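Q: Take this structure first; my questions come after.
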Amino acid sequence: MAPDTSPEADVRQAIDDLIQTATTYDVATLDRIYHDDLHVVMIDHEHNLNTANKEAFKGLFASKRDAGDQPMNTWAKFHSIDVNGDKAHVLLSRKNDLSGVNMDLTLSIDLTFQDARWQVLREVIFLKPEAA
């Protein structure tokens, strides 16, 4: 953590970095942001559930990069950032086409402070079609 910022500001910066990295398909940097024990759970508006570990989720971004996809939308609205020691939780909304269709996403992200940086340990993502 930077000595002259709050823990909440540091976590916010980690999530901002995650958004910039993921939306440009920078898989090498994602490897550093995602904890080795990353667990991702995605549920869509039809109640379909998908899960992924670190390698599988990085693979999703690698496939978009390799397909030459344009960078995704970086829009985000933070609803809450809670920090308790070396653990943090962030609740935010996003808009992007991670699944190939424009979607509104609600994300619940758990982070841990390890190896001198905040790392994403778990993401729970609810996808719904973007409002018209």
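Q: Can you find, within segment 56-97, the residue that is nearest to Val11 (Cα to Cα) among those that are touching a residue at least 24 places away in the same chain (Cβ under 8 Å) and of a type in the set (S, T, N, Q)?
A: Thr74
Q: Take segment 1-47 and flag every residue that is touching a strand residue (DSSP E or B) at 6+ places or on another chain (Cβ under 6 Å) and among the acidic types (Asp, Glu).
A: Passing the criteria: Glu8, Asp44.
Q: While we're here: Taking segment 54-73 on its own, how many of its residues are within 19 Å of Thr106 (Cα to Cα) and either touching an Asp or Glu at 6+ places or on another chain (Cβ under 9 Å) or at pLDDT 95 or above (or both)? Spell out how you get there, then give the answer.
A: In the first step, residues of segment 54-73 are kept if they are within 19 Å of Thr106 (Cα to Cα); the result is 57, 60-61, 72-73.
Then keep just the ones that are either touching an Asp or Glu at 6+ places or on another chain (Cβ under 9 Å) or at pLDDT 95 or above (or both); that gives 57, 61, 72-73.
Of the residues in segment 54-73, 4 are within 19 Å of Thr106 (Cα to Cα) and either touching an Asp or Glu at 6+ places or on another chain (Cβ under 9 Å) or at pLDDT 95 or above (or both).
Q: From the list Asp16, Asp37, which one is at negative phi, open to solvent by 60 Å² or more (accessible area, probe 1.4 Å) and either at pLDDT 95 or above or polar (S, T, N, Q) (or both)?
A: On the way: Asp16 fails: open to solvent by 60 Å² or more (accessible area, probe 1.4 Å).
Result: Asp37 is the single residue among Asp16, Asp37 that is at negative phi, open to solvent by 60 Å² or more (accessible area, probe 1.4 Å) and either at pLDDT 95 or above or polar (S, T, N, Q) (or both).
Q: Would you point out the residue of segment 63-94, among those that are surrounded by 16 or more Cβ atoms within 10 Å (Cβ to Cβ) and of a type in the set (Gly, Ala, Ser), that is nearest to the chain's Cα centre (by Cα)?
A: The selected residue is Ala76.
Q: Just to be sure I understand, how many residues within segment 98-125 are within 12 Å of the chain's Cα centre (by Cα) and either within 17 Å of Phe57 (Cβ to Cβ) or in contact (Cβ under 8 Å) with a residue 60 or more places away in the chain (or both)? Even if it seems obvious, please write down each step before you answer.
A: Going residue by residue through segment 98-125, those that are within 12 Å of the chain's Cα centre (by Cα) are 98, 105-111, 119-125.
Still in the list and also either within 17 Å of Phe57 (Cβ to Cβ) or in contact (Cβ under 8 Å) with a residue 60 or more places away in the chain (or both): 98, 105, 107-111, 119-125.
Count: 14.
The values are calculated or read from the model by the stated rules, or taken from the named source; none is laboratory data. This structure is a prediction, so every number in the text was calculated from the model and none was measured. Positions of Cβ are generated from backbone atoms using ideal geometry, with glycine treated the same way; all protein chains shown enter the neighbour counts. These area figures cover heavy atoms from the full protein model, side chains too; ligands, DNA and RNA do not enter into them. Shrake-Rupley method; radii C 1.70, N 1.55, O 1.52, S 1.80 Å.
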